[in-house]
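Input: a single structure, listed below in structure tokens.
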Amino acid sequence: MKLTDFDHFKAREPYYTGYRLLSTPDKNGDKPEIFISTSNRSAGKTVFYSGYMLHRYIQNNEKFLLLYRNKYETETAVQNFASQIIDLFYAGVELTQERGIKNVYDKITIKAGDSAPEICGYVTSLRASEQIKKYSSMLSGVSWILFDEAFPEDDIYLPDEVRRLMSIHDSLARGGGAQNRYLPVIIIGNLINVDNPYYSALNIVDQLTIETNYMRGDGWVVEQAFNAASAQAHAQSAFHRALDRVGYGAASMEKTYLNTDYQFIENQIVDKGIYICSIKYGKHLYSVRYNENTDFYYAGTNPDPSCKYVQAATEADIDDNAIYDPLSRARKLLKKKFRDNKVRFKNLETRSAVLHFINGR
């Protein structure tokens with residue numbers, strides 16, 4: 001039997017299907033290279049896209065890369081990947097994870113029946129981005145990158161995480177006679193927090209709302225889906241009913257962000273007053289002023305150009321124009337005023353910058 005004889009991949013109701021997302025053009029009418037799929041928990045995103053990756057290889061010989069955040073997550077990557085889809089769509093198929101280069105990448109081989117095993121994909125982590133640059137030729141022919149569980153519930157991301165993803169993408173998109181070829185990235189996650197490095201890089205933190213189903217940009221598409229069948233199943237769970245007071249169940253039963261906190265966001269306050277400091281967080285500068293009329297310290301996006309003393313929110317934000325001083329007066333002041341409920345923010349990005357500044361990380 002041929003390998004194609006073992007391919008029974010098909011999107012099944014009432015579970016999630018990603019065909020609409022994958023066929024949606026970007027805002028310019030072009031084919032996107034970044035697809036971000038989010039929804040309530042247990043909607044079926046992982047099953048669909050995992051099955052789709054193997055389907056694309058079997059039908060079109062398109063290899064895929066399973067991308068994880070940390071190296072330890074790669075150790076059982078294929079075991080977890082296979083458990084989602086083999087019994088459903090690929091009975092008789094064997095997937096094996098084999099060592100490529102230790103702590104850099106592993107190979108995924110596929111075998112069915114009496115056929116010889118062949119490489120269908122690879123496994124690596126964002127932490128290996130620097131090494132991938134050196135060994136990118138060993139991962140030749142990758143046509144898809146799949147990054148599952150991209151939005152952690154604890155909101156802990158790697159330093160320069162988006163840059164690491166870009167580095168891996170660019171390392172694999174070169175070659176084959178081209179400096180850069182089309183290499184789509186599928187990013188999967190639950191509705192956790194719009195204030196994350198990826199949405200910040202796309203500049204949509206303050207544009208995206210929970211009511212948004214699809215948002216299109218230059219080279220990217222974001223989907224916020226809701227699977228009613230999954231929500232109903234969780235709602236009927238005795239376990240969830242028993243512990244529902246903590247609010248965690250909403251991530252499964254409602255279309256809502258688990259961690260996004262709009263508290264203290266006020267964009268009606270006039271960004272004027274006594275200038276306190278300029279804060280550099282990421283690539284942007286933020287301003288903090290004391291507004292005497294409201295008696296609030298207001299964090300905005302209107303830094304005073306005459307302020308020469310720019311404070312880095314974290315050590316990662318240090319550059320030629322920003323210094324990191326964990327004991328600065330401004331840091332101590334804002335920490336105290338935040339505890340006293342005296343700080344307001346223009347938007348989520350500003351809130352994130354100030355909280356990182358207060359905590360120093």
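The values are calculated or read from the model by the stated rules, or taken from the named source; none is laboratory data. Values in this document were obtained by computation on a predicted structure and should not be read as measured data. For neighbour counting, all protein chains shown are included, and Cβ atoms are generated from backbone atoms with ideal geometry for every residue, glycine included.
This table checks each residue for (1) touching a helix residue (DSSP H, G or I) at 6+ places or on another chain (Cβ under 9 Å); (2) at pLDDT 90 or above.
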{"residue": "266", "(1), (2)": "no, no"}
{"residue": "273", "(1), (2)": "no, yes"}
{"residue": "303", "(1), (2)": "no, yes"}
{"residue": "313", "(1), (2)": "yes, yes"}
{"residue": "335", "(1), (2)": "yes, yes"}
{"residue": "357", "(1), (2)": "yes, yes"}
{"residue": "361", "(1), (2)": "yes, no"}
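Considering only residues that are surrounded by 13 or more Cβ atoms within 10 Å (Cβ to Cβ) and assigned to a loop (DSSP other than H, G, I, E, B), which ones fall in the range 211-229?
212, 217, 219, 225, 226, 227
Please go through the range 337-347 and give me each residue that is touching a strand residue (DSSP E or B) at 6+ places or on another chain (Cβ under 6 Å), under 20 Å from residue 284 (Cα atoms) and outside any strand (DSSP E or B), ordered by number.
346
Of the residues that sit in the range 182-210 and are under 20 Å from residue 52 (Cβ atoms) and not hydrophobic (A, V, I, L, M, F, W, C), which one is surrounded by the fewest Cβ atoms within 10 Å (Cβ to Cβ)?
So the residue we want is 182.
Can you tell me which residue is nearest to residue 165 (Cα to Cα) among those in the range 176-191 that are at pLDDT below 85 and part of a loop (DSSP other than H, G, I, E, B)?
Residue satisfying both the conditions and the ranking: 180.
Give the number of residues within the range 306-334 that are charged (D, E, K, R) and crowded, with 16+ Cβ neighbours inside 10 Å.
2
Go over the candidates 44, 113, 100, 18 one by one and state the one that is small (Gly, Ala, Ser) and in contact with a Gly (Cβ under 8 Å, 6 or more places away or on another chain).
Just a single option satisfies the conditions, and that option is 113.
Can you name every residue in the range 19-32 that is touching a residue at least 60 places away in the same chain (Cβ under 8 Å) and either assigned to a loop (DSSP other than H, G, I, E, B) or more than 18 Å from residue 216 (Cβ to Cβ) (or both)?
Listed by number, the residues that qualify are 24, 25, 26, 27, 28, 30, 31, 32.
Might you let me know whether the range 118-128 holds any residue that is modelled with pLDDT under 95 and in contact with a Ser or Thr (Cβ under 9 Å, 6 or more places away or on another chain)?
No.
Given the criterion over 25 Å from residue 7 (Cα atoms), in the same structural domain as residue 198 (by TED's automatic domain parsing) and at pLDDT below 95, identify the matching residue among 140, 136.
136
Quick grid of which residues meet (1) without any contact (Cβ under 8 Å) to a residue 12 or more places away in the chain; (2) charged (D, E, K, R):
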position	(1), (2)
258	no, no
268	yes, no
302	no, no
322	no, no
334	no, no
339	yes, yes
342	no, yes
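Checking residue 156 against (1) of a type in the set (A, V, I, L, M); (2) part of a loop (DSSP other than H, G, I, E, B); (3) over 12 Å from the mean Cα position of the chain (by Cα), which single condition isn't satisfied?
Single failed check for residue 156: (3).
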